[in-house]
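The structure appears below as structure tokens.
The values are calculated or read from the model by the stated rules, or taken from the named source; none is laboratory data. Please read these numbers as outputs of a predicted model, since none were measured by experiment. Positions of Cβ are generated from backbone atoms using ideal geometry, with glycine treated the same way; all protein chains shown enter the neighbour counts.
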Amino acid sequence: MILIGVSGVTNGGKSTLCKLLLNHYKNSTYICQDTFFHSKDSGKLEYKSSLNAYNYDVFECIDSEKFLNELEKTVHHVAPYDVILVDGFFLFKHESLLEKFDLKYFFTLTKEECFERRSKRNYKWVGTTEYFEELVWPNYMSYLHHCQKINNIVYLDGTLKIEETFETVRKQIDTILFK
């Protein structure tokens, strides 16, 4: 079994890459950290009154216990998977996971490209320019600096065609999977 972490900038290509890999590797599964946000009524989300929004762009917005439990169940699935893909914008902040990943990928974009892509999406919580400038980009930059201190992360340029990125990653996975 290979455990693959895909992290990085919002709208960089994390989920798209994971879905392509999921379709390619038949005995695989996918977990997305985005499905583990704390609920608004949990009392665990920071509310930014100046933005009239909850802050979904910090590590603390993730229900880490629930996320890690789900990942543990998946890793120890009765019929083991060949490939487990884990996608998360703050994935490598889970210190306990760092050594478990066989491969770690991190998507990057320029601020301008990130903002342009994000503005084309329909975010139900946090779609304003102010939210991007005050929370999204500064928190991403802080996370990027955190990740640059971690060994063995492969950085991926989110502006490249996703098919190119897929081929690069697929070859690296195959090298491990078919030893």
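One residue stands out among those in region 64-90 that are in a helix (DSSP H, G or I) and free of Cβ contacts under 8 Å to residues at least 12 places away in the same chain: the one that is farthest from the chain's Cα centre (by Cα), which is Lys73.
Residue-by-condition table, conditions (1) of a type in the set (A, V, I, L, M, F, W, C); (2) under 21 Å from Arg121 (Cβ atoms); (3) out of contact with any Ser or Thr (no Cβ under 8 Å at 6 or more places or on another chain):
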residue: Ile2; (1), (2), (3): yes, no, yes
residue: Cys18; (1), (2), (3): yes, yes, yes
residue: Cys61; (1), (2), (3): yes, yes, yes
residue: Leu68; (1), (2), (3): yes, no, no
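Just a yes or no: is a residue in region 117-132 in contact (Cβ under 8 Å) with a residue 24 or more places away in the chain, part of a helix (DSSP H, G or I) and within 19 Å of the chain's Cα centre (by Cα)? The answer is yes; a qualifying residue exists. Being in contact with a strand residue (DSSP E or B) (Cβ under 6 Å, 6 or more places away or on another chain) and within 28 Å of Pro138 (Cβ to Cβ) is a property that Phe89 lacks. Determine, yes or no, whether Leu98 is within 17 Å of the chain's Cα centre (by Cα), of a type in the set (A, V, I, L, M) and at pLDDT 95 or above. When the stated conditions are applied, Leu98 does not pass them.
If you filter region 54-63 down to residues that are in a loop (DSSP other than H, G, I, E, B) and of a type in the set (D, E, K, R), you find that the one that is modelled with the lowest pLDDT is Asp57. Listed conditions (1) in contact with a Leu (Cβ under 6 Å, 6 or more places away or on another chain); (2) of a type in the set (S, T, N, Q); (3) not in a helix (DSSP H, G or I) are all met by Thr165, apart from (3).
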